[in-house]
Amino acid sequence: MEGWWDCEALDQFFFRVFHHSLHKKLPVFSFNFILLALNAKLKNMQSKSQAKEVAYKHYDIGNELFEKMLDTRMMYSCGYWEKANNLEEAQVAKLDLICRKLKLEKGMKLLEIGCGWGGFAKYAAENYGVSVTGITVSEQQAIHARKVNEGLPVEIRLQDYRDVDEKFDRLVSIGMLEHVGYRNYREYMEIAAKCLSDDGLFLIQTIGGGHDAKTTDPWIDKYIFPNGVIPSASQLSKSWQGLFVLEDWHNFGLYYDPTLMAWLKKFEESWDSIKADYNETFYRMWRYYLCASAATFRARYNQLWHIVLTKRQHLGIYQSVR
């Protein structure tokens, strides 16, 4: 970040690090790592009071930055590149895939837990005729989401997921579970079960890790996603025991690589138009974040999951789609 060293292709550098597990040869118990681990052990780092920190430090740093970097719908999560030729097509394909997996029908009520800038809510309302309630803890996201959904049956709330107490036909969570934290997975699932109708469907899109984690990388925690934690398969499956039936688990983690590289390209191309609001340190930090993230998926160190859940009362076979 400070320019002490440089690399022309950070993504390729980090891919080699993760592919050959070189990161495991580094000292693990640094002071920052120990401090982060102790905090996670002693405190709920994703409590209601802590949950908004990531909004202040990441999602609220400027809508223009994300407008320049993301697709036109401002989807800040992995696209679906099976037949896509560019970022725009990949994000539309992802949105439609989610709607089809949820079996959306006109008139249904849908809760989006973590609605971002309102892109999915708009797509689902316009193309599938559903009414959407979207919640977020980011004020800047809420402002933008309300604007793009004007005139549609979409309500955007500045609200913590723990404060929702209504019934919905469908639930969706796209790229939000990474902010929930291991202490709160069970409560998150309990609230989802309470809000979902007996014959409803719940789809989660989340980054997934290969081991049970209670913290994230200290650098990511400090500069990018405060208090974020990538869940493991075992942590999630345990969290919904007795609440949901697993219907489908779809991994397309490799698609996060082209998504992140597309964001990087757009960020670099747009830098001159937004750099007055930031500085060179931020530029290097943001490139580092995007390149390192892309490399973790390219090396299959991290995954991207679509998980579809139902209640036991949901009768019949769930037919998944790809």
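We did not get these values from a lab; they are worked out from the coordinates using the rules stated. Just so it is clear, the structure is predicted and the values come from calculations on it, not from any experiment. Here the Cβ is made from the backbone with ideal geometry for all residues, glycine too, and neighbour counts use every protein chain on show.
Tell me which residues come under 5 Å, amide H to amide H, from Val154 once H is placed; ignore anything under 5 positions away on its chain. Hits under the 5 Å cutoff: Val132.
Just check segment 175-272 against the gyration tensor rule for me: Cα atoms, a ≥ b ≥ c as the square roots of the eigenvalues, rounded for a/c under 1.5, and otherwise prolate or oblate depending on whether a/b exceeds b/c. The shape class here is prolate. Could you state the angle between the C-alpha long axis of helix 87-101 and the longest principal axis of the C-alpha atoms of the chain, as a value from 0 to 90 degrees rounded to the nearest 10? For helix 87-101, the angle is close to 30 degrees. Can you tell which of Ala233, Ala262, Ala121 shows the greatest fluctuation in a Gaussian network model of the chain with Cα springs below 10 Å? Top of the fluctuation ranking is Ala233. Cα centroid separation, segment 285-310 to segment 57-117: 16 Å.
DSSP finds beta bridges in the chain, and of those with both partners inside it, around 45 percent are antiparallel. Say R0 is 25 Å: what FRET efficiency, to the nearest 0.05, do Glu190 and Asp212 get from their beta-carbon distance? In this case the efficiency is close to 0.80. Classify segment 1-157: rounded, prolate or oblate, from the alpha-carbon gyration tensor (a ≥ b ≥ c, eigenvalue square roots; a/c under 1.5 rounded; otherwise prolate if a/b is larger than b/c)? It is prolate, given that a/c is not under 1.5 and a/b is the larger ratio. Helical runs (DSSP H, four residues minimum) scored at -39500 (n - 2.57) apiece and divided by the length of the chain put the mean residue ellipticity at 222 nm at -12000 deg cm²/dmol. Taking the 0 to 90 degree range and rounding to the nearest ten, how far is the long axis of helix 185-195 tilted relative to the main principal axis of the chain, both from C-alpha atoms? With rounding to tens, the tilt is 30 degrees.
Remark: for residue pairs Lys101/Lys311; Lys41/Lys222; Lys48/Lys68; Lys94/Lys122; Lys48/Lys311, the C-alpha separation exceeds 21 Å in Lys48/Lys68; Lys48/Lys311.
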